[in-house]
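Reviewing the structure listed below.
The values are calculated or read from the model by the stated rules, or taken from the named source; none is laboratory data. These figures come from a predicted structure and were not determined experimentally. Glycine also receives a Cβ, built like all others from the backbone with ideal geometry; neighbour counts cover every protein chain displayed.
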Amino acid sequence: MPGDPALLWRPSSQRAASANLSRFMKEAEVCSSSGIADYAALWRWSIDSPAEFWRLVWNFCGVIGEGPGDLALERPDQMPGARFFPHAQLNFAENLLRRSDSSDALVFWGEDRIRRRMSWSALHAAVSQLQQALVAEGVKAGDRVAAILPNMPEAIIAMLAAASLGAIWSSCSPDFGVQGVLDRFGQIQPKVLFAVDGCFYNGKTPDALGKLPEIAARLSSLSRVVVVPYISESLRSTASPKLSLFPIILPATNRKPWSTNACRSTIPSISSFLPAPPVRPNASSTAREARSCSTSRSTSSIVISSPAIEFFTSPPAPG
């Protein structure tokens, strides 16, 4: 833009006025004793009055949970050490799955190979099935669920199912070697491990099943391994001779809505505040609009096998 070479894009006044950040600023102006005319003023208020700022964030975002309680921020002058809403409890999956309609929840592209979309209602159904499978496997609050998965819909589904039960989620990339996986997961002793058969990277399809038998054998805490077919429509048992594959589909009667009786826990300490307004020579602060990019389509189905391996399949969607 003329006169400001550092400015790459500016939203229209109508778009800026309807943005969530603009709505939040208006409510912040009511809550604060001083005027909040721009992002810099909002940032200043978040620093000067952090407890009031974060209480407004909780209410504005409609956080589902038990709280926020009387205290929004404990030890605000300590970082690390500050605790946000120490008397509140919430569940991450319960908050993310508040919607259940036909609009897109996930839009997924696997390089130029696979395109899938998943609606909020389909995401609910998939998380419900996997939540039930994890419960049947004995997963409970505090247990660890691990994954060797790329950024794909099944990774989100598995994370949400684990989080809904209060289980601890940890993941790594499929390109990790055996020792790299063991260094990460050996410390937490997961009960269930999700793993992909391979992935698409830079036009290639490296296989990931070959290392899975050794990883599973050296993680003595595992009671179940769940394989996600991605690079092939059906798993090749010859790629993993130590893993038997006996699929048994979950009964249709078990496909009930995701349980809202989620395990809620206290909010972990975090060290993030509202980012400071950008500083540019000869330019005033401008509000930035952030878009959230979600990921997937096609209804995913969960297939159970016994005794040590499961399928987690997702038929490709048309188009």
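Is it fair to say PHE194 is out of contact with any Leu (no Cβ under 9 Å at 6 or more places or on another chain), touching a residue at least 60 places away in the same chain (Cβ under 8 Å) and surrounded by 15 or more Cβ atoms within 10 Å (Cβ to Cβ)?
Details: out of contact with any Leu (no Cβ under 9 Å at 6 or more places or on another chain): no; touching a residue at least 60 places away in the same chain (Cβ under 8 Å): yes; surrounded by 15 or more Cβ atoms within 10 Å (Cβ to Cβ): yes.
No: the conditions fail for PHE194.
For the stretch 6-31, enumerate the residues that are free of Cβ contacts under 8 Å to residues at least 40 places away in the same chain and in contact with an Asp or Glu (Cβ under 7 Å, 6 or more places away or on another chain).
CYS31
So is ARG83 farther than 26 Å from SER265 by Cα, of a type in the set (D, E, K, R), surrounded by 12 or more Cβ atoms within 10 Å (Cβ to Cβ) and under 29 Å from the mean Cα position of the chain (by Cα) or not?
Here the answer is no, as ARG83 does not meet what is asked.
Name every residue in the stretch 132-151 that is in contact (Cβ under 8 Å) with a residue 40 or more places away in the chain, part of a helix (DSSP H, G or I) and under 16 Å from PRO190 (Cα atoms), in order of residue number.
Those that are in contact (Cβ under 8 Å) with a residue 40 or more places away in the chain, part of a helix (DSSP H, G or I) and under 16 Å from PRO190 (Cα atoms): ALA133, LEU134.
Considering ASN59, ASN151, ASN95, which residue is at pLDDT 90 or above, surrounded by fewer than 19 Cβ atoms within 10 Å (Cβ to Cβ) and touching a strand residue (DSSP E or B) at 6+ places or on another chain (Cβ under 9 Å)?
Working: ASN59 fails: touching a strand residue (DSSP E or B) at 6+ places or on another chain (Cβ under 9 Å); ASN151 fails: at pLDDT 90 or above.
Selected residue: ASN95, the only one of ASN59, ASN151, ASN95 that is at pLDDT 90 or above, surrounded by fewer than 19 Cβ atoms within 10 Å (Cβ to Cβ) and touching a strand residue (DSSP E or B) at 6+ places or on another chain (Cβ under 9 Å).
Does any residue of the stretch 180-197 turn out to be farther than 16 Å from ALA158 by Cβ, touching a helix residue (DSSP H, G or I) at 6+ places or on another chain (Cβ under 9 Å) and among the charged types (D, E, K, R)?
No, because not a single residue in the stretch 180-197 is farther than 16 Å from ALA158 by Cβ, touching a helix residue (DSSP H, G or I) at 6+ places or on another chain (Cβ under 9 Å) and among the charged types (D, E, K, R).
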